[in-house]
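Trainee: Dumping the structure here so I can ask a few things about it.
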Amino acid sequence: MPGTYEFEDLLLKLSTPFYVFLICLEIFITYRSHRASYTVKDTLTNAALMLLNGSVDLLFRAAYIGVLIWFYNFRIIEPVENPYLYWGALFLLEDLAFYTLHYVDHHSRLFWAVHVTHHSSEHFNLTTGFRSSVFQPLYRFVYFIPLVLIGFNPADIVIMYSLTQIYGIIVHTEYVGKLGWLEYIFVTPSHHRVHHASNIEYLDKNMGMCLIIWDRMFGTFQEELPSVPARYGLTKQTETDGLTETVFHEWKEIKKDFEQPIDIKTKLKYLIKAPGWSPDGSRQTSKELQKEILNKEI
């Protein structure tokens with residue numbers, strides 16, 4: 001798909017100075033306001049995780065594009081001829097596919113072990129958007145298979161994902177407040193602050209990339225509350241903030257659970273069920289924690 005690679009190269013050349021300008025502006029505002037939104041080590045970790053994710057994506061790209069092309073040959077619907085309808089539908093359906101991917105990443109420990117790196121920073125700034133889930137390219141394409149089966153070209157899916165990721169990055173900021181009526185349609189910085197917060201009220205909320213309508217439809221929406229300022233990072237922070245620990249710490253925790261004297265069925269539950277699940281109830285999932293808070297309020 002040479003046209004796709006050329007477009008992505010152009011997108012990289014256009015978006016890089018845009019990101020650099022916004023990040024420099026945010027650093028300047030942070031410095032002037034004496035807020036602790038940035039540290040050198042955290043920013044370098046974000047950059048390293050971005051490079052690792054990009055390397056995995058590049059190495060695996062031929063394989064997942066090949067899979068998507070293979071499924072495209074068995075499509076059940078031919079591509080829509082009207083370009084406005086085609087690209088509009090692709091935007092909506094790919095955003096829904098990402099919402100589904102993101103929901104599973106948060107509600108299955110196997111995938112959370114990959115995605116947790118994106119949530120591990122105790123800071124929230126534009127560089128946090130580059131703090132990528134390193135191994136997500138190995139399975140992300142699976143969620144796009146339904147799109148190729150209904151007539152969307154794999155190259156167009158790649159292009160749309162690249163475009164929407166730009167928006168997904170720029171909502172990582174504390175310096176934009178609520179945006180009026182846009183809050184009902186699009187994912188805004190306010191929504192995404194909630195998503196990255198480790199407050200119990202905010203856990204596993206606001207999963208969309210560009211559109212917040214999916215969260216509103218499927219019950220995962222949570223407004224940012226003035227009475228609950230966002231606390232970033234994980235509910236249980238890692239022992240160290242080294243790169244290896246950041247990427248693999250949840251896998252180490254899974255290994256500890258597997259070393260217990262338990263049967264294979266329980267081991268599978270540790271993998272498939274939500275983070276925090278335990279057979280004896282000694283730990284709690286986000287839904288259980290939120291239910292506990294709700295019961296106390298009642």
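The values are calculated or read from the model by the stated rules, or taken from the named source; none is laboratory data. All figures in this text were calculated on a predicted structure; none of them were measured in a lab. Every residue, glycine among them, receives a Cβ derived from its backbone with ideal geometry; neighbour counts consider all protein chains shown.
Trainee: Among the residues that make up segment 48-65, is at least one of them at pLDDT 95 or above and within 24 Å of residue 176 (Cβ to Cβ)?
Mentor: yes
Trainee: Spot the failing condition for residue 95; the list is (1) in contact with a strand residue (DSSP E or B) (Cβ under 6 Å, 6 or more places away or on another chain); (2) exposed (fewer than 13 other Cβ atoms within 10 Å of the Cβ), and only one is missed.
Mentor: (2)
Trainee: Follow-up question, since we're still on this one. I'm trying to understand the selection: among the residues of segment 137-160, which are assigned to a helix (DSSP H, G or I) and either within 19 Å of residue 246 (Cα to Cα) or aromatic (Phe, Trp, Tyr) (or both)?
Mentor: Going through segment 137-160, the residues assigned to a helix (DSSP H, G or I) turn out to be 137-138, 140-149, 154-160.
137, 138, 141, 143, 144, listed by residue number.
Trainee: On to the next question. When you scan segment 272-284, do you find a residue that is of a type in the set (Phe, Trp, Tyr) and assigned to a loop (DSSP other than H, G, I, E, B), even just one? Talk me through it step by step, then tell me what you get.
Mentor: At the first step, the residues of segment 272-284 found to be of a type in the set (Phe, Trp, Tyr) are 277.
Filter again for assigned to a loop (DSSP other than H, G, I, E, B), leaving 277.
So far as segment 272-284 goes, yes, one or more of its residues are of a type in the set (Phe, Trp, Tyr) and assigned to a loop (DSSP other than H, G, I, E, B).
Trainee: Here's a follow-up. I need a count of the residues in segment 62-76 that are in contact (Cβ under 8 Å) with a residue 40 or more places away in the chain and either within 24 Å of the chain's Cα centre (by Cα) or part of a helix (DSSP H, G or I) (or both). Walk me through how you get there before you give the answer.
Mentor: Kept after step one, since they are in contact (Cβ under 8 Å) with a residue 40 or more places away in the chain, are these residues of segment 62-76: 64-65, 67-69, 71-72, 74-76.
Filter again for either within 24 Å of the chain's Cα centre (by Cα) or part of a helix (DSSP H, G or I) (or both), leaving 64-65, 67-69, 71-72.
The number of residues fulfilling the criteria is 7.
Trainee: Within the set of pairs 6 or more residues apart or between chains, which connect a residue that is more than 19 Å from residue 58 (Cβ to Cβ) and assigned to a loop (DSSP other than H, G, I, E, B) inside segment 123-136 to a residue that is modelled with pLDDT under 95 and of a type in the set (Gly, Ala, Ser) with Cβ atoms less than 6 Å apart?
Mentor: Going by the 6 Å Cβ cut-off, the qualifying pairs are 123/37; 125/37.
Trainee: Also: Which ones in segment 32-47 are assigned to a loop (DSSP other than H, G, I, E, B) and either modelled with pLDDT of 95 or more or under 24 Å from residue 16 (Cα atoms) (or both)?
Mentor: Here is the first cut: in segment 32-47, the ones assigned to a loop (DSSP other than H, G, I, E, B) are 34-39.
Of everything in segment 32-47, those that are assigned to a loop (DSSP other than H, G, I, E, B) and either modelled with pLDDT of 95 or more or under 24 Å from residue 16 (Cα atoms) (or both) turn out to be 37, 38, 39.
Trainee: State yes or no: is residue 201 touching a residue at least 12 places away in the same chain (Cβ under 8 Å), assigned to a helix (DSSP H, G or I), touching a helix residue (DSSP H, G or I) at 6+ places or on another chain (Cβ under 8 Å) and not aromatic (Phe, Trp, Tyr)?
Mentor: Working: touching a residue at least 12 places away in the same chain (Cβ under 8 Å): yes; assigned to a helix (DSSP H, G or I): yes; touching a helix residue (DSSP H, G or I) at 6+ places or on another chain (Cβ under 8 Å): yes; not aromatic (Phe, Trp, Tyr): yes.
So residue 201 fits the description; yes.
Conditions (1) among the aromatic types (Phe, Trp, Tyr); (2) without any contact (Cβ under 8 Å) to a residue 12 or more places away in the chain; (3) outside any helix (DSSP H, G or I); (4) more than 22 Å from residue 118 (Cα to Cα), marked per residue:
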| position | (1), (2), (3), (4) |
| --- | --- |
| 192 | no, no, no, no |
| 238 | no, no, yes, no |
| 256 | no, yes, no, yes |
| 270 | yes, no, no, no |
| 294 | no, yes, no, yes |
